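As structure tokens, the structure follows; a few thoughts come after it.
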Amino acid sequence: MRNNLDIEIFADGASLNSIETFNVNPLIKGFTTNPTLMKKDGVKDYKEHSLKIAKLVNPKPVSFEVFSDDFDEMYDWVQRSRFDRLGIFTYSHEENTHAYNFKDDVPEEVKKERADTIMDLQSGISHELNQKRVGQELKVLFDRTEGGYFVGRTEFDSPEVDNEVLVSMKDEYIRLGDFTKVIIEKADHYDLYGRALPMKY
């Protein structure tokens, strides 16, 4: 019987005191926050506060949501913040939301162009950050095979959206569903390549 949880629990909030309290709980694997929560907590400078949160909980991941509706401001924010991982979603009109009564006056092609521009920027940042992982030993959960590789993710990555770790099936055997220590030997924009190491229990 496996004792490991199959889900990762993130705490939602903006109060530094609360985040600090949750951060020592081993069940909490990361945090999420957004401008609405920060406003309720009396925060005036969202960017400065978000950096305080990131520093406080490092190396746990933090999900920052909806930080700007101005494209140039968002581009600058992404460029300066150098996020480990970033996802972009264009605005869509959804019923039963506060924004539904606002006019959506940005054409779909413009939304897509802006999203692609941000992701191109993030791709370069991700490539630079991933090079720093070369030589590191990471704990990886492998859950499938594809294209001659065992494919997994680190304990800090979400499936299908974050970095994947690939180990060649030619020279290794890894049991799917197990955590395995991997030393990273090569990295590109979103994938890490390495070889498995013996696990120490």
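The values are calculated or read from the model by the stated rules, or taken from the named source; none is laboratory data. Source: prediction; values computed, not measured. So basically every Cβ, Gly included, is an ideal-geometry build from the backbone, and we count neighbours across all protein chains shown.
Tabulated results
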| item | result |
| --- | --- |
| Number of the condition not met by N25 [criteria: (1) surrounded by 15 or more Cβ atoms within 10 Å (Cβ to Cβ); (2) in a loop (DSSP other than H, G, I, E, B); (3) not β-branched (V, I, T)] | (1) |
| Extreme residue, farthest from Y75 (Cα to Cα), among residues of the range 89-142 that are aromatic (F, W, Y) and loosely packed, with under 12 Cβ neighbours inside 10 Å | Y100 |
| Which listed residue, of V43, V62, V57, is closer than 28 Å to K112 by Cα, surrounded by 14 or more Cβ atoms within 10 Å (Cβ to Cβ) and of a type in the set (A, V, I, L, M) | V62 |
| Selection from the range 183-201 of residues that are touching a Lys or Arg at 6+ places or on another chain (Cβ under 7 Å), closer than 20 Å to H127 by Cβ and without any contact (Cβ under 8 Å) to a residue 60 or more places away in the chain | I183, I184, E185, Y193 |
| Subset of the range 73-101 (residues that are free of Cβ contacts under 8 Å to residues at least 24 places away in the same chain and either at positive phi or assigned by TED's automatic domain parsing to the domain that holds E164 (or both)) | N96 |
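For every residue, the table says whether it meets (1) surrounded by fewer than 17 Cβ atoms within 10 Å (Cβ to Cβ); (2) in the same structural domain as T97 (by TED's automatic domain parsing); (3) farther than 15 Å from P61 by Cα.
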position	(1), (2), (3)
I9	yes, no, no
N17	yes, no, yes
T21	yes, no, yes
K29	yes, no, no
T32	yes, no, no
M38	no, no, yes
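To keep it simple, each residue is scored yes or no on (1) modelled with pLDDT of 90 or more; (2) not in a loop (DSSP other than H, G, I, E, B).
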| position | (1), (2) |
| --- | --- |
| N3 | no, no |
| I7 | no, no |
| A14 | yes, no |
| S18 | yes, yes |
| K44 | no, no |
| K52 | yes, yes |
| V66 | no, no |
| D72 | yes, yes |
| R80 | no, yes |
